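Just so it is clear, none of the values below were taken in a lab; they were calculated from the coordinates. The structure displayed is predicted, hence computed values, not measured ones. Note that we place each Cβ from the backbone using ideal geometry, even for glycine, and neighbour counts take in every protein chain shown.
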Amino acid sequence: MPVTAPFNSAKQPVLVLGLGNILLGDDGLGPALVREVGHFYKNVEGVECVDGGTQGMALLGHLDGREALVILDAYPGSHAPGTVSVLGGSAMLDALAAPSTSSHEGNAGELLAAAALLNTLPKSIFLVGIEPEAVRAQSGLSDTVRRALPAALVRACVIIEQTLLTLEFCNVGATRADDRREEAESVISGRAPEFSEP
């Protein structure tokens, strides 16, 4: 059943942004994860998924006019490799305020700070991150991070659905949220294809 958008904007209100360098091992988990999220939300009104790679500040224009932003990225939070972290709001901004140690041409914190300065930062912001194990010149993710991707996918889908419901953008309510969560959880139980390399 088609969903009619109540927003008068050419942009979808929820932006899911994958960040990272696919040539540096686990730094490429953002692009890998946003591809999987994109499979679930292809043609879903209200959501746009973008592989931001290492574009850094060039992504500022994508943030303007959004109601919510979900960033998918490697997040070195001093946890065990493969740990999935979810941050939001001011806690997210504080955590990302540290100087960049990644290969990004301007990390997520710098991107958000610039958007805030320009008054284009979405009202709701979230980070779904995974603690990397190996950030070095290599193609593909470590086994530890690869095993964590399904859990991160579930967390991302839950955030997206809750955000759509908050925005009253979804006219099938909790039913679709439950369906989406079930689809994501099927990845963990092995009923869905494994994550593929780019």
Next item on the list: Using a Förster distance of 22 angstrom, determine the FRET efficiency expected from the C-beta separation of Asp94 and Leu117, and round it to 0.05.
Entry: 0.85
Notebook entry, point to check: Given labels modelled 7 Å from the Cα in the Cβ direction, how far is it in nm from Val50 to Glu168?
Noted result: 2.7
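Neighbouring Cβ atoms within 10 Å as the yardstick, rank Asp26, Asp143, Asp73 fewest first. Show your work: numbers first, answer last.
Details: Asp26 28, Asp143 12, Asp73 25.
Ranked by crowding around the Cβ, least crowded first: Asp143, Asp73, Asp26.
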Note to self: I'd like to compare 107-118, 123-134, 75-86: which one has the highest average count of other Cβ atoms within 10 Å, and what's the full order after that?
What the structure shows: 123-134, 107-118, 75-86
Next item on the list: Order by neighbour count: Leu63, Leu23, Leu167, fewest other Cβ atoms within 10 Å first, most last.
Entry: Leu23, Leu167, Leu63
